[in-house]
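Structure record follows, encoded as structure tokens.
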Amino acid sequence: MVKIVTIAGSDASGGAGLEADLKTFEEYGLYGMTAVTLIATMDPDNNWAHGVFPIDEKNLKAQLETVFKGVGATAAKSGMLGTFYAVELTREYISTYKIKNYVLDPVMVCKGSDEALNPELNQSIAGKLLPLAKVVTPNLFEAGQLSGIKEVSSIEQMKEAAKIIAEKGSANVFIKGGSKLPDATEAVDLLYDGNNFELIKKPLIKTNRTHGAGCTVSAAIASGLARGLSVYDAVVLAKKFISQSLEGNFALNEWVGPGNPAEWRKNNLFS
Ligand code: PXL
């Protein structure tokens, strides 16, 4: 059994965070493990406002010991880390256990959440984790933050941001969410391997039920790497995976809707 771990927050509503990651790992036929950094809650009496409850440092370290020392993993991804100690512990375990297939999803804020952006925390993520990442998977907003380009709103700016982010250490940069470019007619994402740009395209799926899409695509890339795919092949397959997942989008309630990673089973791309 090939093992993979997500170091991420739990989304109590189940659409994003480690819940999205585990569902994705399952679809890829992997054994999924978790190190929970925080629990995110949403308030139905307050317009679905997000709450964030960090897991304490001792607890997180004990989870990482369980996973990395106690079991071992072929691949890892990290999602919402939330605290400086979670960033440092992630750096420590990914480097100590020499995890080559590490996908960094530099989650900065949840969609629809009003929690403040923490620039120092994001700088810590960039400084400590980008150099360890095989692939970093920022969306347009995160690419803007990581690169220092204020607003990424064209394919040219995606390329510019990818170059700057690659210089900070990640071996490959995958900028997702190209479907949100102002003039998008297709869902165009960008892969940069330090030399070449590849545009990865799929038809635009017109829905705002995209909760957890970013988590799912980075978990799918990590899953492809765990299965031995090249970065390019893992990204292309992940793009198919997220497109199928979003085809199966549904409403959880009046505020939010996720995709459905299990859509994949209708059209299993491994068989
Ligand atoms: O989609 C970003 C995200 C990541 N991780 C957790 C979340 C969210 C958004 O809600 O709750 C735990």
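Please treat every number below as a calculation from the coordinates, not as lab data. Everything numeric here is computed off the predicted structure, so don't read it as measured data. Methodologically, a virtual Cβ is constructed for each residue, glycine included, from the backbone with ideal geometry; neighbour enumeration extends over all protein chains shown.
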Given springs between every Cα pair under 10 Å in a Gaussian network model of the chain, which of LEU204, LEU117, LEU129 has the largest fluctuation?
-> LEU117
Check the straight Cα-Cα distances from LYS201 and name the aspartates and glutamates below 18 Å, setting aside those fewer than 8 residues away within the same chain.
-> GLU156, ASP183, GLU186, ASP189, ASP193, ASP233, GLU247
In whole Å and largest first, what semi-axes does the C-alpha gyration tensor of the stretch 3-253 yield when each eigenvalue is scaled by 5 and square-rooted?
-> 24, 21, 19
Debye calc, one equal point scatterer per Cα of the stretch 113-233, no solvent, log10 I(q)/I(0) at q = 0.11, 0.12 1/Å comes to -0.35, -0.42
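Could you work out the relative contact order of the stretch 1-49, using alpha carbon pairs under 8 angstrom and six or more residues apart, expressed as a whole percent? Each step should come with its number before you reach the end.
Details: 75 pairs, mean separation 21.6, N = 49.
With pairs under 8 Å counted, the relative contact order is 44 percent.
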Between the stretch 244-262 and the stretch 1-80, what's the alpha-carbon centroid distance in Å?
-> 19 Å
Given springs between every Cα pair under 10 Å in a Gaussian network model of the chain, which of LYS201, LYS239, LYS98 has the largest fluctuation?
-> LYS98
For the stretch 18-118, the spread of Cα positions along each principal axis, largest first, Å | 42, 31, 20
Please list the equivalent ellipsoid semi-axes of the stretch 56-172, computed as the square roots of five times the alpha-carbon gyration tensor eigenvalues, in descending order and whole angstrom.
-> 26, 17, 11
Output the relative contact order of the stretch 185-260, whole-number percent, from Cα pairs under 8 angstrom with separation of 6+ residues.
-> 30 percent
Here are some pairs, LYS134/LYS168; LYS23/LYS159; LYS150/LYS240; which of them have Cα atoms lying more than 24 Å apart in this structure?
-> LYS23/LYS159; LYS150/LYS240
Percentage relative contact order, the chain, counting C-alpha pairs under 8 Å, at least six apart | 17 percent
Taking the chain and counting helices only, DSSP H stretches of n ≥ 4 at -39,500 (n - 2.57) each over all residues, the nearest-500 ellipticity at 222 nm comes to -11000 deg cm²/dmol
Compare the peptides 81-90, 154-163, 182-191 by average per-residue count of other Cβ atoms within 10 angstrom and give them in order, highest first.
-> 81-90, 154-163, 182-191
